[in-house]
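**Student:** Before I ask anything, here is the structure I am working with.
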Amino acid sequence: MIGACLAHAGDSITLVVRQETLPDYPRQLHLDSPFGNFAVDVSVVSEVPAVDVLWITVKATQLEPALAALKNPEAVRAIMPLLNGIDHVALLRGRYGASRVIPATIAVETERVSPAHIVHRSPFARLNVSSAGRALLDGTIAKLRQIGFACHFVEDEPTLMWGKLVFLAPFALATTAANKTVGEIISDPQWRALGQACIREACAVARAEGATVDPEVVLPGVRAMPANMRSSMQKDVEHHNPPELDAIAGPIPRGARRHGIDVPATKKLVTAVEQRAGYTESRWA
């Protein structure tokens, strides 16, 4: 979606795909979106070329194999990961240098319905970027805003990263554990209470980690989500793909242990997701 929108805005875009998919991968991106339906020409390669910004948009479970395509990091001016979770930022900085990695988060529901054909299903796309990237990305952010994105630069990095996680983790865990849409979760008293408790636990851990978050702000945001919205974790389990449990849920119990915080609702939801995904044992039971 990012690539299609920026190509549509006039930027030169190169997709990096797996070597085995390269020969047959389409050289056009198709996007169906509330922002417009269009097709754009792109370059497609299997190794990262010299670029201004490398957007990392794989799932957290696919990060390590994806990084094998980055054979010459010095040719990349900046790395901007949009992965779910938090821990990937330290990993990337340790490997490629702190100044090169610009943390960012995105809130959107998209689905790849076929190679190079993306459907943007949510009525919104919200992109938050560390203020460290303002000088390099100001023009890019302006283009995305013009297309329809809600974009903000965020000064405080813990708030940037945890601000998404306290929203995403309860949403992903509850919808996946129950196999329900967000509207169905909200209308079911038992699941709604469990999800709300998870939000409060996540916010308690986030505040202990230095983030400025408030469950009384997060809760109305969840209630305002489109009722038919489903999480990517829910779709992964449904399609028998590995869910991003460690990336999305893991920071909450790990942070809870560091700060002596009890997170029973989070652990209950994680265990339910693990059972649906066919895990034989739980890491956080």
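The values are calculated or read from the model by the stated rules, or taken from the named source; none is laboratory data. Note that this is a predicted model, so its numbers are computed, not measured. Glycine also receives a Cβ, built like all others from the backbone with ideal geometry; neighbour counts cover every protein chain displayed. Remember, those area values only see protein heavy atoms, side chains included, never the ligands or the DNA or RNA. Shrake-Rupley method; radii C 1.70, N 1.55, O 1.52, S 1.80 Å.
**Student:** Give the shape of segment 81-217 as rounded, prolate or oblate, defined through the alpha-carbon gyration tensor: a ≥ b ≥ c are the square roots of its eigenvalues, a/c under 1.5 means rounded, and otherwise the shape is prolate if a/b is larger than b/c and oblate if not.
**Tutor:** Because a/c hits 1.5 or more and a/b fails to exceed b/c, segment 81-217 counts as oblate.
**Student:** Further question: Rounded to a whole number, what % of the accessible area of segment 86-194 do carbon and sulfur atoms account for, probe 1.4 Å?
**Tutor:** 51
**Student:** Out of ASN228, GLY195, ALA211, whose Cα points farthest toward the positive end of the dipole of segment 186-246 (charges: +1 Lys, Arg; -1 Asp, Glu; placed on Cβ)?
**Tutor:** It is ASN228.
**Student:** Can you give the Kirkwood hydrodynamic radius for the chain, in Å, rounded to one decimal and based on Cα pairs?
**Tutor:** 19.7 Å is the Kirkwood radius here.
**Student:** Let me ask something else about it. Sequence-distant or interchain residues sharing an amide H contact under 5 Å with VAL154, placed H: which?
**Tutor:** Here VAL129, SER130, SER131 satisfy the definition.
**Student:** Ok, one more. Segment 233-285 to segment 1-17: how many Å between their Cα centroids?
**Tutor:** Computed from Cα coordinates, the inter-centre distance equals 33 Å.
**Student:** From the phi angles alone, apply the Karplus equation (6.51, -1.76, 1.60; θ = phi - 60°) to segment 204-215 and give each ³J(HN,Hα) in whole Hz, x where the residue is Gly or Pro.
**Tutor:** For segment 204-215, the Karplus curve yields 4, 5, 4, 5, 5, 8, x, 8, 9, 9, 9, x Hz.
**Student:** Ignoring ligands, DNA and RNA, what accessible area per residue does the chain give at 1.4 Å, in Å²?
**Tutor:** Result: 47 Å² of accessible area for each residue.
**Student:** Hey, any idea what the orientation-averaged projected area of the convex hull of segment 215-263's Cα atoms comes to, in nm²?
**Tutor:** Working: hull surface 18.9 nm².
Spelled out: convex hull of the Cα atoms, projected over all directions, averaged, 4.7 nm².
**Student:** Ignoring ligands, DNA and RNA, how do SER231, SER43, SER12 rank by accessible area with a 1.4 Å probe, largest first?
**Tutor:** SER12, SER43, SER231
**Student:** Another question, if that's okay. Of GLN62, LEU160, PRO253, which is farthest along the charge dipole of the chain in the positive direction, counting Lys and Arg as +1 and Asp and Glu as -1 at C-beta?
**Tutor:** It is PRO253.
**Student:** Mind putting a number on the dipole of the chain about its Cα centre? Charges go on the C-beta only, +1 for Lys and Arg and -1 for Asp and Glu, and I need it in Debye to the nearest 20.
**Tutor:** 300
**Student:** Magnitude of the Cβ-charge dipole of segment 155-285, K/R +1 and D/E -1, about the Cα centre, nearest 20 debye?
**Tutor:** Rounded to the nearest 20 debye, it is 300 debye.
**Student:** State the three equivalent ellipsoid semi-axes of segment 58-136, derived from the C-alpha gyration tensor as the square roots of 5 times its eigenvalues, in descending order and whole Å.
**Tutor:** Semi-axes from the Cα gyration tensor: 23, 17, 12 Å.
**Student:** Report, to the nearest 10°, how far helix 264-277 tilts away from the longest principal axis of the Cα atoms in the chain, using its own Cα long axis and a range of 0 to 90°.
**Tutor:** 60
**Student:** Gaussian network model of the chain, Cα springs within a sub-10 Å range: biggest mean-square fluctuation belongs to which of ASP188, ASP41, ASP236?
**Tutor:** ASP188
**Student:** Using modelled backbone amide H atoms (1.01 Å from N, in-plane), which distant-in-sequence or interchain residues come within less than 5 Å of ILE13's amide H?
**Tutor:** Here SER43 satisfy the definition.
**Student:** Right, next: Across 10 Å bins from 0, what is the distribution of all Cα-Cα pair distances for segment 1-105, in whole percents?
**Tutor:** 14, 44, 34, 7
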